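The values are calculated or read from the model by the stated rules, or taken from the named source; none is laboratory data. Note that the structure is predicted; figures quoted are calculated from it, not measured. Here the Cβ is made from the backbone with ideal geometry for all residues, glycine too, and neighbour counts use every protein chain on show.
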2 protein chains.
Amino acid sequence: MESTIILDKLNSPKDLKKMSFNEMKDLAGEIRELIIKKVNTIGGHMGPNLGIVEATIALHYVFNSPVDKIVYDVSHQCYPHKILTGRKEGFTNPDNYLKYTGYTAPEESEHDLFKVGHTSTAASLACGVAKARDLKGEKGNVIALVGDGSLSGGEALEGLDNAAALDSNIIIVINDNDMSIAENHGGVYDNLKLLRNTNGKAECNFFKSLGFEYYYVAEGNNVEKLVETFEIVKDTNKPTIVHIKTQKGCGLSVAEQNKEAFHWILPGTLDENKQPVELVENYTSLTREYILNKTKEDKTVIAVNAGTPGVFGFDSEFRNTLGKQYTDVGIAEEHAVAYSSALAKCGAKPIFTVMSSFVQRTYDQLSQDLCLNNSPLTMLVYWGGISGADATHLCTFDIPLISNIPNMVYLAPTNKEEYLAMLNWSVEQTQYPVAIRVPNIALVSTGIEDNTDYSVLNKFKIEESGEEIAIIAAGNFFALGKDLKDYLKEKFGYNATLINPRFLTGIDEDLLENLKQNHKIVITLEDGELDGGFGEKITRFYGNSNMKVLNYGSIKEFTDRIPLDELYQRYRLTPELISEDIQANFK
Amino acid sequence: MESTIILDKLNSPKDLKKMSFNEMKDLAGEIRELIIKKVNTIGGHMGPNLGIVEATIALHYVFNSPVDKIVYDVSHQCYPHKILTGRKEGFTNPDNYLKYTGYTAPEESEHDLFKVGHTSTAASLACGVAKARDLKGEKGNVIALVGDGSLSGGEALEGLDNAAALDSNIIIVINDNDMSIAENHGGVYDNLKLLRNTNGKAECNFFKSLGFEYYYVAEGNNVEKLVETFEIVKDTNKPTIVHIKTQKGCGLSVAEQNKEAFHWILPGTLDENKQPVELVENYTSLTREYILNKTKEDKTVIAVNAGTPGVFGFDSEFRNTLGKQYTDVGIAEEHAVAYSSALAKCGAKPIFTVMSSFVQRTYDQLSQDLCLNNSPLTMLVYWGGISGADATHLCTFDIPLISNIPNMVYLAPTNKEEYLAMLNWSVEQTQYPVAIRVPNIALVSTGIEDNTDYSVLNKFKIEESGEEIAIIAAGNFFALGKDLKDYLKEKFGYNATLINPRFLTGIDEDLLENLKQNHKIVITLEDGELDGGFGEKITRFYGNSNMKVLNYGSIKEFTDRIPLDELYQRYRLTPELISEDIQANFK
């Protein structure tokens, strides 16, 4: 049982203000214990939260939240903040571990201003908070807390540029733990290093060059030192940076030593009797292996990612092997796309890997830098699909986002052989910007090599021929399509046609036209948002015909940690429910 | 007739290398004359091109394009480059004025690398060009030419951050004319000013802080001085900045004195006998007037734009009147949305004005900072619709982009009264993020005040009741819907129903259901891309019914300066062509 002697006395940030530095030091220890236990139990962000404990205590000691307003960036480092602002039972009592989200959430507390999970947003949001305060003639401090590599994102830099010009109180705390999720990249981080090495004294100071007042706290895990500086900047009337040096994973030696691995961990990672994870071939390992082989045989192939190499299995061995054929641009998806587009245009063969949720950060670059220039980039979109994820990290919007941009080819493979064929075709071709929706389901292998020529665009594949009902089942949902076909056969004797569209960016007009001959209903299945998605293109095609079309996917909404089964029921994504709808339409 | 004595001797950049500085000075004069005449004849970017003449000459004198590669940012300052790279007849002969686009265009010349019109892209693209060179083991310089306020965009800052870390040759020329399109904003520009004022010597140097080698050229309109510095940095193996101070509009006194007005001009602006533009009420003047009144009566109302105030009629009088209730964030659309979202969340009433083409730059902020937080922002989207614009500035994609984001309410007014009612409702309500597609057609007034309660979402309005055929005509295309109805009546005796949907983000299920009673065909009309757009939502609704639905809008493609009439024919957007389709479906 963790000790919570100090924490027991604390019910709101106000209680903190009566404490001594020694008590706050002990409090930090208690908070750390709670975080370690909880995160190891249910998984979550370990390193970032352990590093920010003292800074969070010091902020709440000096400032007066919620009158003074603290705006979190990315906000996965908000666990200590939640403990200090009335939500400690979400950490002390394992029964309540799932009560609060892992991100700031205004519906939970008046101390949380925004729901934030994508990064680089705090400076911009804080500018708006400060300006609203000034317009309304109110008082109070506005503090942005920026950390974990968030500085390299375009929005952060636009925000800093504008914050610096705000003629008013705004305090931006840069939590510098010398890490993005992986190591840092880019000139800004070189400057942070210089500032750390000179105790903040270097003349060449990125923040000062923008016009900020600048303070440096070398001991960012020391409450007293932090309080000292926060007291100085409190109620400033100038845009001010407080650059604090913290230790990611502070207080848990394995996390201190393995900063990247302990950024976010799975449940049980610290358990001594933890079973080693069995290595199973999956789409991630397949991609990793493909890139390792391909880069070896072709020196113009290059893997690009934006600050999340771990997601793709790009461990240090992978990075070292690739050497100059690997670029991590840091958290900078816009740059990643423009950079990759130029690489492709100039004859190199970039493979840009990105999570569905983060591809949103680069729409204009996809449209202008990439597709308008028709550069033959290969972009691999991971995790696309309906899930029980936090609202901040949904991966349901990439089909509408990507597939309505002209020139783009968006492919949805359904098995290993198809995936590898598409991947290799994409890397070698020079005609189109290509995105591939990497399946986020267990790997299926047909055992038969796929020799399709994908340069013939929008050719759907009839996997099993039938009549009356045609099921067009894209990507992840091909298996659902197969199950539906089997269910319809078994329960009702229908012999449905099963179609694997493979392309999400266009329709196979000839095939769809032919279906009219002996089909009455077309079912479309896609693992993502219906609005603006793939199925609607099929429905539009049949708009002037007698064909009935039923589209299945997710509805337009932000869901927040809703179990997948519940979502499948809500969206009627089971063979039983779809069959019900079909029956209703045959009446 | 302009003198082209020097230019006559020049057919490619190679010819430049034999010239003396005096000849190049004369050449600059000749080029300037040609630009002034052409731009005044057909309209275009005046100030940027006059400012960059000498730098373009110096670049082509020192470097060896296309082996050395020059990457243009925004690229509206490429006219001198076009003249020097084999396309001078597009400037010397008025018959050829329209032969070349106003932006870099790889299809025109091997000296143009990318099609670029949105800003802030050059550093990122140049990184990719440089890296491709290195991967392929090639030699040569890569030069990015950045100007006109492009530095404040997130992509530019991500690009600079990464360029600084590139262990190789890359030269970024910062064309500093002390202006974005309007005046500059933000800390970066304060630093440029400091650097100008200290002849590049200030210790506090934004570029050096990122790790760049840095050179300053005070006389950026002096070929000899520019050549001197370009010779020094040529073949460098380090990321290098050349900061050149130029004069926007250089050589045309009226443009030197009115930098913002002469950034881009209409044909005939310089003509002495030019007729003063007659002031007609339009949606721009209406909005301007609304904001002027509203900000006066409510001190929490604030107008926000991102570096293009002129587009919205936000002249200096407007800005001065609004004072603190006006923010131009510079070219930084991502910040503009996040900042405005926070303003709205904290009880202020922001009105963010943005062009359809540039709203693309802020998808993730619309989704995460705005809609996920459900902040009651008012966003006014200008120029949305099919047009004969350059491929870089199409405004056909905003409906798919905006309307598939959860929580967003996207409204399409069809007349003055509706627009004002929607605008005022949006500013005063606190429930939804609202975007309004400001009509880009001549203002129509019904003369009857619109008292609709727009908080009842997705209520379509039956403007004229009929049978058999229902026409759902959104926004700009409401007039086309009316014409179609009249045409159908006159030619075929049909009495079609005419519906004004008003909402683009959802459908009126009750109304659509009722149409089934006495209608057989629904026609949807929208002024933008069909894929992922409004009409497909209607078609999906009717997928399981016998209703036929025909969707009209633009197809998924980048068009480039295609006359509007031609596009309307291509997309069948005339009463005659749509009637043909209807007839075919009634057979």
Practice task
Restricting attention to region B:308-336, report how many residues are more than 8 Å from chain A (Cβ to nearest Cβ) and outside any strand (DSSP E or B).
Solution key: 19
Exercise for the section: Among residues belonging to region B:387-418 that are more than 12 Å from chain A (Cβ to nearest Cβ) and assigned to a helix (DSSP H, G or I), point out the one that is nearest to B:L286 (Cα to Cα). Expected result: B:K416
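Which residues, taken from region B:219-241, are outside any helix (DSSP H, G or I), touching a residue at least 60 places away in the same chain (Cβ under 8 Å) and not hydrophobic (A, V, I, L, M, F, W, C)? Can you show your working first?
Going residue by residue through region B:219-241, those that are outside any helix (DSSP H, G or I) are B:219-222, B:234-241.
Add one more test, that the residue is touching a residue at least 60 places away in the same chain (Cβ under 8 Å), and what stays is B:220-222, B:234-241.
Selection gives B:G220, B:N221, B:N222, B:K234, B:D235, B:T236, B:N237, B:K238, B:P239, B:T240.
So, in region B:547-587, exactly how many residues are hydrophobic (A, V, I, L, M, F, W, C) and in contact with a Pro (Cβ under 6 Å, 6 or more places away or on another chain)?
Residues of region B:547-587 that are hydrophobic (A, V, I, L, M, F, W, C), as a first pass: B:547, B:549-550, B:555, B:558, B:562, B:564, B:567, B:573, B:577-578, B:582, B:584, B:586.
Narrowing the set further to residues that are in contact with a Pro (Cβ under 6 Å, 6 or more places away or on another chain) leaves B:558.
Of the residues in that region, 1 qualify.
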Problem - Residues that are within 19 Å of A:G528 (Cβ to Cβ) and surrounded by fewer than 18 Cβ atoms within 10 Å (Cβ to Cβ), drawn from region A:460-482 - result: A:A479
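From the list A:S75, A:S124, A:S120, exactly one residue is touching a His at 6+ places or on another chain (Cβ under 7 Å), within 14 Å of chain B (Cβ to nearest Cβ) and of a type in the set (S, T, N, Q). Which is it?
Details: A:S75 fails: touching a His at 6+ places or on another chain (Cβ under 7 Å); A:S120 fails: touching a His at 6+ places or on another chain (Cβ under 7 Å).
Just a single option satisfies the conditions, and that option is A:S124.
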Exercise for the section: Kindly indicate whether A:K459 is of a type in the set (K, R), under 30 Å from B:I555 (Cα atoms) and either over 31 Å from the mean Cα position of the chain (by Cα) or not in a strand (DSSP E or B) (or both). Expected result: yes
Completion exercise
Here the residues within region B:367-386 that are part of a helix (DSSP H, G or I) and more than 9 Å from chain A (Cβ to nearest Cβ) are B:L370
Exercise for the section: Go through (1) in contact with a helix residue (DSSP H, G or I) (Cβ under 9 Å, 6 or more places away or on another chain); (2) more than 20 Å from B:Y568 (Cα to Cα) one by one and return the number of the condition B:E418 breaks. Expected result: (1)
Exercise for the section: Give just the number: which of (1) free of Cβ contacts under 8 Å to residues at least 12 places away in the same chain; (2) more than 21 Å from A:H76 (Cβ to Cβ); (3) not β-branched (V, I, T) does A:Q257 not satisfy? Expected result: (2)
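What is the residue count in region B:542-587 for residues that are in a helix (DSSP H, G or I), within 9 Å of chain A (Cβ to nearest Cβ) and crowded, with 18+ Cβ neighbours inside 10 Å?
Step one: of region B:542-587, the residues in a helix (DSSP H, G or I) are B:542-544, B:564-570, B:575-586.
Still in the running and within 9 Å of chain A (Cβ to nearest Cβ): B:542-544, B:581, B:584-585.
Then drop every residue that is not crowded, with 18+ Cβ neighbours inside 10 Å, which leaves B:542-543.
Total satisfying the criteria: 2.
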Exercise for the section: Might you let me know whether region A:510-519 holds any residue that is assigned to a strand (DSSP E or B) and at pLDDT 95 or above? Expected result: yes
Problem - Selection count where residues are under 25 Å from B:S120 (Cβ atoms) and surrounded by fewer than 18 Cβ atoms within 10 Å (Cβ to Cβ), scope region B:292-310 - result: 1
Exercise for the section: Go through (1) within 12 Å of another protein chain (Cβ to nearest Cβ); (2) within 26 Å of the chain's Cα centre (by Cα); (3) assigned to a loop (DSSP other than H, G, I, E, B) one by one and return the number of the condition A:D190 breaks. Expected result: (3)
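Can you pull out the residues in region B:88-98 that are farther than 19 Å from B:A58 by Cβ and among the charged types (D, E, K, R)?
First pass over region B:88-98, keeping only residues farther than 19 Å from B:A58 by Cβ: B:89-98.
Within region B:88-98, B:E89, B:D95 meet the criteria.
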Practice task
Inspect region A:269-276 for any residue being under 24 Å from the mean Cα position of the chain (by Cα), surrounded by 13 or more Cβ atoms within 10 Å (Cβ to Cβ) and assigned to a loop (DSSP other than H, G, I, E, B) and give the result as yes or no.
Solution key: yes
Practice task
Could you list, in sequence order, all residues of region A:127-152 that are buried (at least 24 other Cβ atoms within 10 Å of the Cβ), more than 7 Å from chain B (Cβ to nearest Cβ) and small (G, A, S)?
Solution key: A:A130, A:A144, A:G147, A:G149, A:S150
Problem - B:E428, sole failed condition from (1) surrounded by fewer than 24 Cβ atoms within 10 Å (Cβ to Cβ); (2) under 22 Å from the mean Cα position of the chain (by Cα); (3) of a type outside the set (A, V, I, L, M) - result: (2)
Handout entry: Failed criterion for B:T378 (all others in (1) surrounded by 24 or more Cβ atoms within 10 Å (Cβ to Cβ); (2) among the polar types (S, T, N, Q); (3) within 21 Å of A:T362 (Cα to Cα) hold)
Key = (3)
Problem - region A:110-126, residues that are touching an Asp or Glu at 6+ places or on another chain (Cβ under 7 Å) and surrounded by fewer than 24 Cβ atoms within 10 Å (Cβ to Cβ) - result: A:G117
Exercise for the section: Kindly provide the set of residues from region B:314-333 that are surrounded by 24 or more Cβ atoms within 10 Å (Cβ to Cβ) and of a type in the set (G, A, S), ordered by number. Expected result: B:G330, B:A332
Exercise for the section: Please state which of the following conditions B:Y216 fails to meet, knowing it meets all the rest: (1) more than 19 Å from A:D161 (Cβ to Cβ); (2) in a strand (DSSP E or B); (3) within 12 Å of chain A (Cβ to nearest Cβ). Expected result: (3)
Completion exercise
Only unsatisfied item for A:D178, checking (1) under 30 Å from A:H335 (Cα atoms); (2) within 12 Å of chain B (Cβ to nearest Cβ); (3) surrounded by fewer than 21 Cβ atoms within 10 Å (Cβ to Cβ); (4) touching a residue at least 60 places away in the same chain (Cβ under 8 Å), is (2)
